[in-house]
Amino acid sequence: MKISKLSPGDFEKASAFWTSTRGMMGQMGTDSEQALATFLKRNPGLSFKVVDNDEIVGTILCGHDGRRGYLHHLAVAEQYLGQGLGKVLTDRSIEELRRLGIAKCHLFVDSRNSEGQQFWKSIHWNEQNDIRIFSHDIEYPSD
Ligand SMILES: CC(C)(COP(=O)(O)OP(=O)(O)OC[C@H]1O[C@@H](n2cnc3c(N)ncnc32)[C@H](O)[C@@H]1OP(=O)(O)O)[C@@H](O)C(=O)NCCC(=O)NCCS
């Protein structure tokens, strides 16, 4: 088992892993090969994968806007749960944010994902009860 940086070339395996993982909030539009490549180019060296027997068994995506960090797609394969991989992946991304001088990191969890919420509570992340997320889909004219 090895932890290393996630790269655009990992898209196919990572995408298959995310599709098969419960609790992921990713939508296919935002998980395209191009979107991942753009994300990793804008946020070099912050995202990681765990590989075992040539298969991806854990991932984390991490980005920042110069002020705050954001985590996405933290996931660990079922057979590898409870071994500390989720925490290790989180720590790796936070360490990279620290190197960049980012002082705070946020993430979004589906309110129905109690497993994910239990994890963040266990590793002492603060739940923000006074914030609601508002989103807007930006429309593009079709040719
Ligand atoms: C959330 C997830 C990444 C945790 O991965 P993991 O490798 O099993 O977590 P770890 O082994 O690093 O656990 C770290 C701590 O969280 C606790 N924890 C993990 N999952 C838990 C759960 N379902 N319920 C309660 N505590 C949990 C562990 O007991 C451990 O606590 P400890 O340090 O006091 O022993 C994994 O369950 C997963 O992939 N879930 C599906 C995807 C998902 O929901 N991702 C989060 C989206 S925001």
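The values are calculated or read from the model by the stated rules, or taken from the named source; none is laboratory data. From a predicted model like this one, the values you see are computed outputs, not experimental measurements. Please note: Cβ atoms are built from the backbone with ideal geometry, for glycine as well, and neighbour counts cover all protein chains shown. Note: areas computed on protein heavy atoms with side chains; ligands, DNA, RNA excluded. Shrake-Rupley method; radii C 1.70, N 1.55, O 1.52, S 1.80 Å.
Does the stretch 130-143 contain at least one residue that is within 16 Å of the ligand (Cβ to nearest atom), under 16 Å from the mean Cα position of the chain (by Cα) and either modelled with pLDDT of 95 or more or over 17 Å from F48 (Cβ atoms) (or both)? Checked the stretch 130-143: no residue is within 16 Å of the ligand (Cβ to nearest atom), under 16 Å from the mean Cα position of the chain (by Cα) and either modelled with pLDDT of 95 or more or over 17 Å from F48 (Cβ atoms) (or both).
Results for (1) of a type in the set (D, E, K, R); (2) farther than 22 Å from K2 by Cα, shown as yes or no for each residue.
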residue	(1), (2)
I60	no, no
H64	no, yes
H72	no, no
G82	no, no
L85	no, no
D91	yes, no
G101	no, yes
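Given the criteria in contact with a Ser or Thr (Cβ under 8 Å, 6 or more places away or on another chain) and within 11 Å of the ligand (Cβ to nearest atom), does T59 qualify? Yes. Within the option set A16, A75, A37, being under 22 Å from G116 (Cα atoms) and loosely packed, with under 15 Cβ neighbours inside 10 Å holds for one residue only, A16.
For the stretch 118-129, the candidate set comprises residues that are under 17 Å from the mean Cα position of the chain (by Cα) and either more than 8 Å from the ligand (Cβ to nearest atom) or not in a helix (DSSP H, G or I) (or both); within that set, the residue that is nearest to V57 (Cα to Cα) is I123. The residues in the stretch 107-143 that are touching a strand residue (DSSP E or B) at 6+ places or on another chain (Cβ under 9 Å), of a type outside the set (G, A, S) and open to solvent by less than 60 Å² (accessible area, probe 1.4 Å) can be counted, and the count is 3. Within the stretch 79-96, being of a type in the set (A, V, I, L, M, F, W, C) and open to solvent by less than 70 Å² (accessible area, probe 1.4 Å) holds for L85, V88, L89, I94. Residues in the stretch 40-58 that are over 14 Å from the mean Cα position of the chain (by Cα) and either open to solvent by less than 60 Å² (accessible area, probe 1.4 Å) or more than 21 Å from L97 (Cα to Cα) (or both): V51, D52, N53, D54, E55. The C-beta contact set for the stretch 80-94 (first residue of a type in the set (K, R), second residue open to solvent by less than 40 Å² (accessible area, probe 1.4 Å), distance under 8 angstrom, 6+ apart or interchain) comprises K87/I123; R92/F48; R92/I60. Here L107 meets each of (1) free of Cβ contacts under 8 Å to residues at least 24 places away in the same chain; (2) within 20 Å of I131 (Cβ to Cβ); (3) near the ligand (Cβ under 7 Å from one of its atoms) with one exception, condition (1).
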